[in-house]
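> Sharing a structure, written as structure tokens. Questions coming.
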Amino acid sequence: MKQKPTHTSDFQKNFIQSLQKELKLKDTAAFYYALVENIPQYIFCKDLEGRFTFVNQRFCQLLEKPIEEIIGKTDYDFYPPELAAKYRSDDRKVIEQNITLEDVEENKVSQRETKYVHVVKTPIHDADGKIIGMQGIFWDITERKKAEEALRNAHERMRQDLIAAAQVQRGFIPEIPPRIPGYRFAWLFEPSEYVGGDLLNIIRLDKNHWAFYVLDVSGHGVPAALLSVSLTRMIDQTPVSRQLLQDGNLGYRASEELFDPRQVIRMLNRRFPGDKTKFCTLLYATLDTESADVTWIRAGHVPPLLVKKDGSRAEYYKDPGCICISNLVNEDNSLPTRQLTLEPGDRLVLFSDGIVEAMRDDQEFGYERFAEIMRANASVPLDDALHAVFNQAAEWAGGGPFGDDVTLLALERKNGGS
């Protein structure tokens with residue numbers, strides 16, 4: 001006789017499913033507790049009233065209390081009142097808004113050293129989705145905070161040092177233009193950082209002669225600034241021989257070296273303080289106020305721009321010049337100079353390449369645009385003309401800082417010779 005199939009009763013099915021669920025829950029709980037007791041973070045759970053319902057052993061070690069003395073207590077039992085109040089406020093926010101909160105906060109037990117922890121708090125839901133408490137995990141970031149604070153302090157000290165260095169560097173630039181009958185100077189100096197590799201100066205050589213120059217050291221920032229200051233001091237501190245001028249007044253006459261642009265280049269190449277990775281470009285010029293002759297030498301520097309008095313034209317003097325100043329061995333047999341005579345109203349503009357190389361996308365501001373703006377402003381005061389070209393270059397570059405130092409130095413022969 002064929003045996004009837006055995007059917008599992010509903011009771012048996014429910015019992016098996018319940019047993020499986022209970023075993024699964026036990027496995028899950030075992031996994032959870034194994035996890036929270038072995039990870040290097042502090043873990044806790046609280047009910048809706050802020051009472052601890054669970055903490056791992058690492059949390060117990062932090063408070064230096066057994067778990068029995070923590071469960072059922074609140075933050076007010078372990079932390080200073082101001083910290084406990086903050087923790088409780090954050091807990092309420094997590095529960096009331098049903099959100100995850102992440103923060104960096106202080107963690108201080110009694111009067112011991114304050115620690116900084118990175119904390120993440122989330123709500124706990126029951127099977128029906130109702131919030132029944134919150135849980136948190138945090139880890140010690142005190143050493144990181146101390147390192148960040150030390151870095152901020154170092155950065156601030158460096159910023160203050162750079163501000164002081166910028167003031168020192170600007171001290172090498174004349175405060176006001178010298179009074180020269182029949183002539184006027186104007187300049188604009190804008191480093192791309194606090195300090196830069198550009199510098200300019202105007203030096204009286206004797207009663208009727210002046211020297212003026214713009215130099216540009218390779219690179220940016222402090223190293224370039226230190227080198228530029230060293231070079232300009234070499235020029236400015238060239239020995240001055242005092243003598244009685246022909247008009248009977250006690251005056252002075254600079255060393256013959258400064259009257260000859262070629263001698264200046266030789267001196268700087270001979271004494272260049274930088275290493276083989278550094279170099280400097282220089283446009284050094286002299287002015288004879290009686291003849292209105294300007295003589296210059298261009299050591300790797302961008303060419304000067306002559307702007308005629310009526311704005312009829314603006315042209316660059318792209319003479320061959322000579323190689324950049326450095327400590328590399330070079331033959332200085334060919335040091336060509338250039339000369340022109342300024343007519344009343346003419347302007348000669350020396351500048352560094354930072355302004356013509358100002359970028360918009362992949363396009364430079366350029367020499368032609370620079371010359372056109374200076375030509376269009378030939379009739380406005382010299383200072384205004386320099387600011388006009390600077391402002392348009394800054395606008396071209398998007399209004400932010402230039403990628404390189406910007407230096408402009410202009411000489412104008414006044415109309416009427418007064």
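> If I fit a long axis through the Cα atoms of helix 367-376 and take the longest principal axis of the Cα atoms of the chain, what angle between them do I get, 0 to 90°, rounded to 10?
60
> Please determine, in degrees from 0 to 90 and to the nearest 10, the orientation of helix 382-396 with respect to the longest principal axis defined by the Cα atoms of the chain, where the helix direction is its Cα long axis.
30
> Compute the length gained on full extension between Glu102 and Ile163: take 0.36 nm times their separation in residues and subtract their Cα-Cα distance, giving the result in nm to one decimal.
Values: separation 61, 0.36 × 61 = 21.96 nm, distance 3.73 nm.
Answer, rounded to one decimal: 18.2 nm.
> With every atom except the alpha carbons ignored, what do you get for Rg and Dmax of the stretch 121-186, in angstroms?
Expressed in Å, the Cα Rg and Dmax of the stretch 121-186 come to 29.8, 94.
> Which angle between 0 and 90 degrees, to the nearest 10, do you get for helix 142-170 versus the longest principal axis of the chain when only C-alpha atoms count?
10
> Something else now. With each run of n ≥ 4 DSSP H residues scored as -39500 (n - 2.57), what mean residue ellipticity at 222 nm is computed for the chain after dividing by its residue count and rounding to the nearest 500 deg cm²/dmol? Intermediate values should be presented prior to the final figure.
On the way: 9 runs with 136 residues, N = 418.
The per-residue figure over the chain is -10500 deg cm²/dmol.
> Provide Rg and Dmax in Å for the stretch 301-418, with only Cα atoms included in the calculation.
15.8, 47
> OK, next. Run through every distinct alpha carbon pair of the chain and return the Kirkwood hydrodynamic radius in angstroms, one decimal place. Don't skip to the end; give the middle numbers.
Values: mean 1/r = 0.0355 Å⁻¹.
Kirkwood hydrodynamic radius for the chain: 28.2 Å.
> Let me ask another. Strictly over 23 Å apart at the Cα level, which of Lys108/Lys130; Lys46/Lys130; Lys93/Lys146; Lys73/Lys108; Lys65/Lys93 would you flag in this model? Walk me through the numbers on the way to the answer.
Values: Lys108/Lys130 32 Å; Lys46/Lys130 15 Å; Lys93/Lys146 29 Å; Lys73/Lys108 17 Å; Lys65/Lys93 28 Å.
Lys108/Lys130; Lys93/Lys146; Lys65/Lys93, as the Cα separations exceed 23 Å there.
> Another question about this same structure. What is the set of long-range amide H partners of Asn201 at a cut-off below 5 Å, with H atoms built 1.01 Å from backbone N?
Those qualifying (amide H under 5 Å, at least 5 residues apart or on another chain) are Tyr213.
> Roughly how many nanometres apart are two label points built 7 Å out from the Cα toward the Cβ at Asn327 and Leu151?
With each label placed 7 Å out from Cα toward Cβ, I get 3.4 nm.
> Mind putting a number on the dipole of the chain about its Cα centre? Charges go on the C-beta only, +1 for Lys and Arg and -1 for Asp and Glu, and I need it in Debye to the nearest 20.
On the way: 52 positive and 63 negative charges, 148 e Å.
About 700 debye.
> Also, I was wondering about something else. How large is the Kirkwood hydrodynamic radius of the stretch 171-417, in angstrom, based on all distinct alpha carbon pairs? Walk me through the intermediate numbers first.
Values: mean 1/r = 0.0542 Å⁻¹.
For the stretch 171-417, the Kirkwood estimate is 18.5 Å.
> For the stretch 98-104, what does the Karplus curve 6.51 cos²θ - 1.76 cosθ + 1.60, with θ = phi - 60°, yield as ³J(HN,Hα) per residue in whole Hz, taken in order and with x for Gly and Pro?
These are the phi-based 3J(HN,Hα) values: 6, 10, 9, 10, 10, 7, 10 Hz.
> Let me know the Kirkwood hydrodynamic radius for the stretch 42-142, please, with Cα pairs as the basis and the value in Å to one decimal.
On the way: mean 1/r = 0.0730 Å⁻¹.
Over the stretch 42-142, the inverse of the mean reciprocal pair distance is 13.7 Å.
> Neighbour counts of other C-beta atoms within 10 Å: give me Asp383, Asp103 arranged from fewest to most.
Numbers: Asp383 15, Asp103 12.
With the fewest neighbours first, Asp383, Asp103 line up as Asp103, Asp383.
> Hey, another quick one. Near the amide H of Phe54, under 5 Å away, which other amide H atoms are found, from residues 5 or more places off or on another chain, if H is placed in the peptide plane?
The list, which skips near neighbours in sequence, is Cys45.
> Per residue of the stretch 273-285, what does 6.51 cos²θ - 1.76 cosθ + 1.60 with θ = phi - 60° give for ³J(HN,Hα)? Whole Hz please, x for Gly and Pro, Karplus curve as stated.
Residue by residue, the stretch 273-285 yields x, x, 7, 6, 8, 10, 8, 9, 9, 8, 10, 10, 9 Hz.
Each value in this text was obtained by applying a stated rule to the coordinates, not by laboratory testing. Keep in mind that this is a model prediction, so the values were computed, not measured. Don't worry about glycine lacking a Cβ; one is built from the backbone with ideal geometry, like all the others, and counts go over all protein chains shown.
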